[in-house]
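**Q** Dropping a structure here in structure tokens format, bear with me for questions.
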Amino acid sequence: MKYSLKGDKRLEQALYKKSKARFYGVANKSLVEIFNRAKRPPGTPRDNGDLIKSRRLREAIPSTRFKGIFYYTEEYAPHVEYGHDVGKNGHVDGQRYLKRNVSKQGRIYMNDLIKELKKWLKKLVL
């Protein structure tokens with residue numbers, strides 16, 4: 001199961017060109033916020049708590065390509081996210097918990113990109 005956190009490509013590239021460290025700071029901030037939001041209700045569905053405990057985060061490190069990842073290690077995580085069939089005529093709808101989390105973070109990520117570029121421009125002007 002995969003969702004991507006996307007900002008405006010022009011903003012991402014502009015910040016990356018000006019300061020890789022600031023770009024990775026903004027990107028990793030978003031990953032950490034997704035990770036933390038997943039722990040608080042209603043972030044990750046709760047049954048016995050195994051799904052919440054299976055949250056993992058791999059922050060991006062400066063390289064030629066961004067590769068930060070937030071994921072769940074439980075095998076059933078995709079079934080909870082997307083839904084699954086039960087028996088001959090039954091179906092359990094997906095809860096889209098990860099999609100909601102990433103969608104919420106998308107707006108924050110865009111604002112953080114803009115904020116960092118403004119800081120850089122302010123320093124340039126002063």
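The values are calculated or read from the model by the stated rules, or taken from the named source; none is laboratory data. Bear in mind the structure is a predicted one, so any value in this text is a computation, not a measurement. Using ideal geometry, Cβ is built from the backbone for each residue, glycine included, and neighbour counts are taken over all protein chains shown. What goes into the accessible areas is simple: the full protein's heavy atoms, side chains included, and nothing from ligands, DNA or RNA. Shrake-Rupley method; radii C 1.70, N 1.55, O 1.52, S 1.80 Å.
**Q** Please compute the modelled spin-label separation between K9 and S54, points set 7 Å along Cα→Cβ, answer in nm with one decimal.
**A** 3.4 nm
**Q** Enumerate the calculated ³J(HN,Hα) couplings along the range 11-24 in order (Karplus 6.51 cos²θ - 1.76 cosθ + 1.60, θ = phi - 60°), each rounded to whole Hz, writing x wherever the residue is Gly or Pro.
**A** These are the phi-based 3J(HN,Hα) values: 5, 4, 5, 5, 5, 4, 5, 6, 7, 4, 4, 5, 4, 5 Hz.
**Q** By the scheme Lys and Arg +1, Asp and Glu -1, what is the net charge of all other residues having a beta-carbon under 13 Å from that of Q95?
**A** Taking every Cβ under 13 Å from that of Q95, the sum is +1.
**Q** Using the alpha carbons of the chain, what is the convex hull volume per residue in cubic angstrom, as a whole number?
**A** 114 Å³
**Q** Simple spin-label model, 7 Å along Cα-to-Cβ: K67 to R107 in nm?
**A** Result: 3.3 nm between the two label points.
**Q** Positive end of the charge dipole of the range 40-126 (Lys, Arg +1 and Asp, Glu -1 on Cβ, about the Cα centre): tell me which of G43, H84, I61 has its Cα farthest that way.
**A** So the residue we want is I61.
**Q** Using a Gaussian network model of the chain whose springs link C-alpha atoms within less than 10 Å, name the residue from V32, V102, V92 with the highest mean-square fluctuation.
**A** The residue that fluctuates most here is V92.
**Q** Here's another thing I want to ask about it. Please go through the residue pairs K20/K67; K9/K122; K17/K119; K53/K104; K17/K99; K9/K67 and name each one whose alpha carbons sit more than 18 Å apart in this structure.
**A** Correct reply: K9/K122; K53/K104; K17/K99.
**Q** Give the accessible surface of the chain per residue, rounded to a whole number of Å², with probe radius 1.4 Å and ligands, DNA and RNA excluded.
**A** 69 Å²
**Q** Also: Can you put E74, E81, E12, E59 in order of accessible area, largest first, using a 1.4 Å probe?
**A** E59, E74, E12, E81
**Q** Oh, and also: Please state the charge dipole magnitude for the chain, taken about the Cα centre, from unit charges on C-beta atoms (+1 on K and R, -1 on D and E), reported in debye and rounded to the nearest 20.
**A** Computed charge dipole of the chain: roughly 940 debye.
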